[in-house]
Amino acid sequence: MNETLLTALALIPALVIAIVFHEVAHGWTALLLGDPTAKERRRLSLNPLRHVDPLGTVILPGMLALAGAPVFGWAKPVPVNKWRLDNPRFGMMAVAAAGPGTNLVLAAIGAVVLGLFLRMAMPDVTDPAAIMNLMMLSAAAPASGAGFVLFALTSFIVINLFLALFNLLPLPPFDGSHIVEGLLPPKAAQVYEKLRPFGFPLLFLLLLVNPYFFPHLGIVQRVVLPPVLWALEQYLHLAAFFAG
């Protein structure tokens with residue numbers, strides 16, 4: 001029970017910070033590029049309650065976790081009106097990229113703090129491979145003081161990396177779909193935009209139905225996890241640099 005509580009204390013704040021900053025970054029970027037919709041609706045706040053979607057943030061992830069299924073969810077999207085942007089085509093790309101970009105910056109901050117923590121608490125650990133081993137150990141037993149801090153920091157990095165890269169998938173409603181739409185020629189972008197209403201059903205099929213009927217395909221494990229693990233390795237090099 002204590003380990004479960006400690007795990008929750010490490011994961012929940014990291015997840016809340018990652019999601020809130022992700023959404024607020026969308027709104028601030030839209031404001032800078034001419035669209036004040038998020039500001040008008042008071043969504044440029046770091047108050048988590050303003051970004052919680054009862055179904056997507058609480059109910060669905062909780063049910064999936066209890067069922068042992070792949071856990072995913074969403075926050076209440078920050079409202080953006082592309083036609084109020086100074087340049088709708090470029091603006092939507094920039095607004096979409098701002099969320100994942102912010103998560104990558106947060107992961108970098110987490111890596112720097114992790115490196116400084118290791119320098120003070122575990123000065124002999126200066127190698128990325130050794131840091132990875134400590135990550136695994138702390139995830140298995142975060143009960144000690146140093147173990148909990150290590151687990152919390154590494155969880156913060158991983159959650160932000162996963163949120164950034166998962167949202168860059170070129171499928172509606174992810175941020176990556178807006179970036180792809182902006183890069184396509186206008187006619188192709190119009191055709192691509194018509195897929196947007198089918199985004200959530202497709203996501204449901206890929207993440208829930210497909211693993212149930214075709215578990216051997218491992219879409220998340222084969223598509224999302226490899227770039228996350230690669231990115232994590234780079235961030236651990238950053239942590240190792242600050243660890244000395």
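The values are calculated or read from the model by the stated rules, or taken from the named source; none is laboratory data. Note that this is a predicted model, so its numbers are computed, not measured. Quick reminder, even Gly has a Cβ in these numbers, built from the backbone with ideal geometry, and neighbours come from all protein chains shown.
The figures follow:
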quantity	calculated
Check on residue 7, surrounded by fewer than 18 Cβ atoms within 10 Å (Cβ to Cβ), at pLDDT below 90 and assigned to a helix (DSSP H, G or I)	yes
Cβ-Cβ under 8 Å pairs, at least 6 apart or on other chains, segment 42-63 side under 22 Å from residue 31 (Cα atoms), far side modelled with pLDDT under 70 and not hydroxyl-bearing (Ser, Thr, Tyr)	52/58
Any chance residue 118 is assigned to a helix (DSSP H, G or I) and surrounded by 15 or more Cβ atoms within 10 Å (Cβ to Cβ)	yes
Sole residue being modelled with pLDDT of 90 or more, loosely packed, with under 15 Cβ neighbours inside 10 Å and closer than 27 Å to residue 80 by Cα, chosen from 185, 201	185
Matching residues, segment 121-170, being buried (at least 16 other Cβ atoms within 10 Å of the Cβ), modelled with pLDDT under 85 and under 16 Å from residue 5 (Cβ atoms)	138, 139, 142, 147
Verdict on residue 169 being assigned to a helix (DSSP H, G or I) and either among the hydrophobic types (A, V, I, L, M, F, W, C) or free of Cβ contacts under 8 Å to residues at least 12 places away in the same chain (or both)	no
Scan of segment 32-59 for residues that are part of a helix (DSSP H, G or I), at pLDDT 90 or above and either closer than 19 Å to residue 96 by Cβ or under 21 Å from the mean Cα position of the chain (by Cα) (or both), ordered by number	32, 37, 38, 39
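Condition check ((1) in a helix (DSSP H, G or I); (2) closer than 27 Å to residue 201 by Cα; (3) modelled with pLDDT under 90; (4) not charged (D, E, K, R)) across all residues:
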{"position": "23", "(1), (2), (3), (4)": "yes, yes, no, no"}
{"position": "61", "(1), (2), (3), (4)": "yes, yes, yes, yes"}
{"position": "66", "(1), (2), (3), (4)": "yes, yes, yes, yes"}
{"position": "76", "(1), (2), (3), (4)": "no, yes, yes, no"}
{"position": "79", "(1), (2), (3), (4)": "no, yes, no, yes"}
{"position": "86", "(1), (2), (3), (4)": "no, no, no, no"}
